[in-house]
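Report on one structure; see the data block that follows.
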Amino acid sequence: MQANSHLSDSNKLTDAQMRDFIVNGHLTIKTDLPRSFHETIYRKTQEYTEKEGNLGNNILPRVPELQAVFEDPAVRGAFTSILGENYVMHSHRHPHQNRPHSDGQGFHKDSYWGYQKVRHHCPRWAMAFYYPQDSPLEIGPSAVLPGTQYYSTRITENNDGELALSGEAGTLTIIHFDLWHRAMANQTDKTRYMMKFQFIRMDAPQAPEWNVTNPQWTSEDINPATPAHQGTWRHIWNWMAGASNGDATQPIHANLADSITALGADDAPVRSRAADELGALGESAAEGVPHLIQALRDDYEPVRLNAAYALGAIGEPAVPHLIEVLADENGPTRRMAAYALAAVGATAVPALSEALQHTADAVRIEATYALAQIGDAAEPAIPALIERTKDECTEVRRYLAEAFGSLGATAAPAVPQLTDMVADDDDKQTRFEAALALAQIGPAANEAVPVLAKALWDEDRYVRDNTIHALKRIDTPEAESALFDYLLMARWCPVTNRQSTH
């Protein structure tokens, strides 16, 4: 599945909806499909599940009516607004069953289908939760913790603040991939189905892809009770609007000395707010850099998060200090430094390129990840990234591929190295990251077609999936021929079963 350019602007999100998604991490969409359509999906899912077990990744070919849900203009408009016009559906999808009288789940974030990746604050991935039946509270819909997509840890207990994604048949909620969520207890005699589908952004944003009326970040309609992460939200808004990392923001006036003092307060929310205020001052808060560096080690994650984006907003004066923190013995501290360097943008690229030569794996991992998040402005780092494509550290190679993908066609000089990764790397995740990068590079990756054709037979399903996307986006006669040959071999008949074999 891929979006197209014929989508009406009336189907795209508004500024208010984009702000809501950036802050809270979820957005509910209603399709125009009739109730009977969703009832058919429920009936077929239940029937096939009883006969065959959970349909897993085959839910779409087994219940092809689902495609109409994701082609609905309101759904496509929302995904285009969040992930860009060329977003694609990932091959991992799952029909979640919440059986009668279940106890529900604990809150969690999804893994990447058993693999591990650094979480993206900017929405490069998203998920859809679709309900084919009415999902009132008692049937156990999914619940989310709004705003927690930026946290790697739980900051609330006893499910405080959870929001049930309940609704009538056909309700679809788009969530940030990293939002904390869970299935609630099903207190009824009916099985609740929730179809989970995943989607990927393929191109870096160049301009707002929603119905923008005010290009400046504003918090005018944000609930004042929401924990404030203005620096994080502003950065993500600007990134989604096509602004380069490190672009100047409109400052909010705060007192530098008072904010630095407040960073040492006993009360965690006070420290968090102080870090946010320092970020609002931008480069004029350079005096606060050592204090914000220390705040990256705070035991309360919202403080660490705000400190990271404050350092990103201060920019170049923070870079030498942040590079030092990449060698910190504490993993969460290193990761926050990487987020901060990514937010600094272009002026951090020379130091990050140099850090790719560090002897410590952890430093190279974080430096490579930061460059991947910087995107277009990381173009000067391409030679240094190419140099590390045979790095002995598996995680470095994974993020190298991701960095090339985030650069898109600009990373064409790395196509030979990415092609070698797809063909020869012994790490499955590195291979599928490299195939995805070739897809994101697109037509400029044409020379990879012969290897990609062979990768359609890779043992890993996600290497094969990303290879299909790459061949489709390269879009030459040779790529098309390889795709058709594979389709003719791999086509699956969804109506074949024990009772009807031909």
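The values are calculated or read from the model by the stated rules, or taken from the named source; none is laboratory data. Note that the coordinates shown come from a computational prediction; the quantities given were computed from them, not determined experimentally. Note: ideal-geometry Cβ built from the backbone for every residue, glycine included; neighbour counts use all protein chains shown. The accessibility values were calculated without ligands, DNA or RNA, using every heavy atom of the protein model including side chains. Shrake-Rupley method; radii C 1.70, N 1.55, O 1.52, S 1.80 Å.
Among the GluC sites (Glu not before Pro) in region 280-366, those located in a DSSP loop and surrounded by at most 12 other Cβ atoms within 10 Å of their own Cβ are 329. Rounded to the nearest 20, the size of the Cβ-charge dipole of region 133-237 about its Cα centre is 280 debye, with Lys and Arg at +1 and Asp and Glu at -1. Each label was represented as a point 7 Å from its Cα along the Cα-to-Cβ direction; for residue 387 and residue 498 these points are 6.2 nm apart. Computed across the chain, the Kirkwood hydrodynamic radius from all distinct Cα-Cα pairs reaches 23.7 Å.
What trypsin sites (Lys or Arg not before Pro) in region 416-502 are in a loop by DSSP, with at most 13 other Cβ atoms within 10 Å of the Cβ? Provide the component values of the computation, followed by the final result.
Working: sites: 428, 431, 454, 461, 464, 472, 473, 491, 498; in loops: 491, 498.
Taking region 416-502 and a limit of 13 other Cβ atoms within 10 Å, the loop trypsin sites (Lys or Arg not before Pro) found are 491, 498.
Per residue, the chain exposes 41 Å² of accessible surface when a 1.4 Å probe is rolled over the protein heavy atoms with every protein chain present.
For region 22-140, which whole-number percentage of the solvent-accessible area (1.4 Å probe, protein heavy atoms only) is attributable to carbon and sulfur atoms? Spell out each step's value before the answer.
Details: 2100 of 4300 Å².
After summing per-atom areas, the C and S share lands at 49 percent.
Taking all Cα pairs closer than 8 Å and separated by 6 or more residues, the relative contact order of the chain comes to 11 percent.
Run lengths n ≥ 4 of DSSP H only: what is the helix-derived mean residue ellipticity at 222 nm for the chain, with -39500 (n - 2.57) per run over all residues, to the nearest 500?
Details: 21 runs with 222 residues, N = 502.
Value at 222 nm, helices only: -13000 deg cm²/dmol.
Between residue 225 and residue 9, the modelled labels are 3.7 nm apart [label points 7 Å from Cα along Cα→Cβ].
For the listed residue pairs 51/428; 196/428; 117/196; 109/428; 428/472, the alpha carbons are over 26 angstrom apart in 51/428.
Is the C-alpha gyration tensor of region 262-349 telling us rounded, prolate or oblate? Criteria: a/c under 1.5 is rounded; beyond that, a/b larger than b/c is prolate, otherwise oblate. Walk me through the numbers before you get to the answer.
Numbers: a/c = 1.95, a/b = 1.21, b/c = 1.61.
Oblate shape, in that a/c is at least 1.5 and b/c is the bigger or equal ratio.
With r defined as the distance between the Cβ atoms of residue 489 and residue 105 and R0 fixed at 30 Å, what FRET efficiency is calculated, to the nearest 0.05? Spell out each step's value before the answer.
Details: r = 38 Å, r/R0 = 1.28.
Once the sixth-power term is evaluated, E becomes 0.20.
Rolling a 1.4 Å probe over the protein heavy atoms of region 414-502, with every protein chain left in place, gives an accessible area that is 53 percent carbon and sulfur.
Per-peptide packing, taken as the mean over residues of other Cβ atoms within 10 Å, places 389-398, 102-111 in the sequence 389-398, 102-111 from highest down. Taking amide hydrogens as placed 1.01 Å from N in the peptide plane, the amide H of residue 90 sits under 5 Å from those of 198, 199, 200, each at least 5 positions away in sequence or on another chain. With each label modelled as a point 7 angstrom along the Cα→C-beta vector, the residue 37-residue 159 pair spans 3.2 nm. The distance linking region 463-502 with region 258-286 is 54 Å (Cα centroid to Cα centroid, whole angstrom).
In the chain, taking the dipole from charged Cβ atoms about the Cα centre, the farthest positive-side position among 294, 69, 477 is held by 69. Under the convention that each Lys and Arg Cβ holds +1 and each Asp and Glu Cβ holds -1, the size of the dipole of the chain around its Cα centre is about 1360 debye.
In region 404-502, what chymotrypsin sites (Phe, Trp or Tyr not before Pro) fall in a loop by DSSP, with at most 12 other Cβ atoms inside 10 Å?
Details: sites: 404, 432, 457, 462, 484, 486, 492; in loops: 457, 492.
Sites meeting the loop and neighbour criteria: 457, 492.
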